[in-house]
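Working notes, structure below.
The values are calculated or read from the model by the stated rules, or taken from the named source; none is laboratory data. Everything numeric in this text was worked out from a predicted model, so none of it was measured. Glycine also receives a Cβ, built like all others from the backbone with ideal geometry; neighbour counts cover every protein chain displayed. All accessible areas refer to the heavy atoms of the entire protein, side chains included, with ligands and DNA or RNA removed. Shrake-Rupley method; radii C 1.70, N 1.55, O 1.52, S 1.80 Å.
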Amino acid sequence: MKLYTELAEYYFSIEEPSRKFSEEVSFLRETFKRHKIQTALDVGCGTGEHVKELQAMGFKILGVDASNRMLEIAKTRFPHCHYEYGKMETYVAKQPVDSVICLYGTFNYLLNDDAVLNFLRNSHKNLKQAGLLILEIWNADPIHRIKRKPITNVSSVRQGNVSIRRNRGFRLTRADDIAIVEVNYVYNLNQKDLKDKHTMRVFHFAQIRNFLDDNKFDLLHVYGNYDGEKYLKTGARMLVVAKKRS
């Protein structure tokens, strides 16, 4: 996937227009404080922006990612932070932490039940007693309703002397209990086009609730966004906060 390799140096600039980064960090800070979190893993940390911000707030954070290029950029930009290579479904920490976070669409790259189970089982191992799991997950319900969306422009940004237009479309390629979406991007960098395809799985809330329960997590909250608004079945995302069960 070119977003995490060839385009890695532009990754955060590309993602930023569709995010509210300050709200994400504020949500994590308040959640960490409420649950007395001091240490955390950021699984799928990308180029390290959340790690950097949370560390500046006094939390001890380790970023984990499966893209060597993303980690290379994170380490260059934020050399005072800590990062490790690891695949989300197999990574086992050297010592347990208070929280595991997995943000953006990272969880949606777990394409089958075994991958989901492996991630949750290892997250359970990686957490201290009553540790917190925070997941941002793409919701299947609106995808099932729409099924297909043509490629259109979704953002235009500039980083240094590079102008980047992001075009995106998707189609639902499998619509049973395992809902698979093919997300197609065309990036235009200073008039040069770069195509990128991502195969992802979207989830219904009931599936996530069952996965968590089966893997010894108690669901504490599910939100629709980082403002803490109520999760709606029609919403694009679900923001899940769960606690490790002994």
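Side notes on the structure shown:
- Solvent-accessible area per residue for region 74-183 (1.4 angstrom probe, square angstrom): 50
- Solvent-accessible area, 1.4 Å probe, carbon plus sulfur percent, for the chain: 48
- Stretched out straight at 0.36 nm per residue, the stretch from residue 84 to residue 26 would grow longer than its current Cα-Cα span by 18.4 nm.
- Net charge of the neighbourhood of residue 46, taken over other residues with C-beta under 10 Å away and scored Lys/Arg +1, Asp/Glu -1, is -4.
- At the listed q of 0.11 Å⁻¹, the Debye profile of the chain, built from one uniform point per Cα, gives log10 I(q)/I(0) equal to -0.57.
- Distance (nanometres) between label positions extended 7 Å along Cα→Cβ at residue 57 and residue 1: 2.5
- For region 115-153, backbone nitrogen atoms closer than 13 Å to the point 7 Å from residue 216 Cα along Cα-to-C-beta are found at 120-131.
- Region 1-140: mean projected area of Cα convex hull, nm²: 8.3
- Peptides 135-143, 167-175 ranked from most to least packed give 135-143, 167-175, packing being the mean of other C-beta atoms within 10 angstrom over each peptide's residues.
- Inter-label distance for residue 18 and residue 151, nm, one decimal - labels placed 7 Å from Cα along Cα-to-Cβ: 1.5
- Cα radius of gyration and Dmax for region 18-65 (Å): 10.2, 30
- Cβ crowding within 10 Å averaged over residues, with 40-47, 179-186 ranked highest first: 40-47, 179-186
- Available extension along the chain between residue 233 and residue 175 is 19.2 nm, counting 0.36 nm per residue and deducting the alpha carbon span.
- For region 164-246, fraction of C-alpha pairs farther apart than 16 Å, in %: 66
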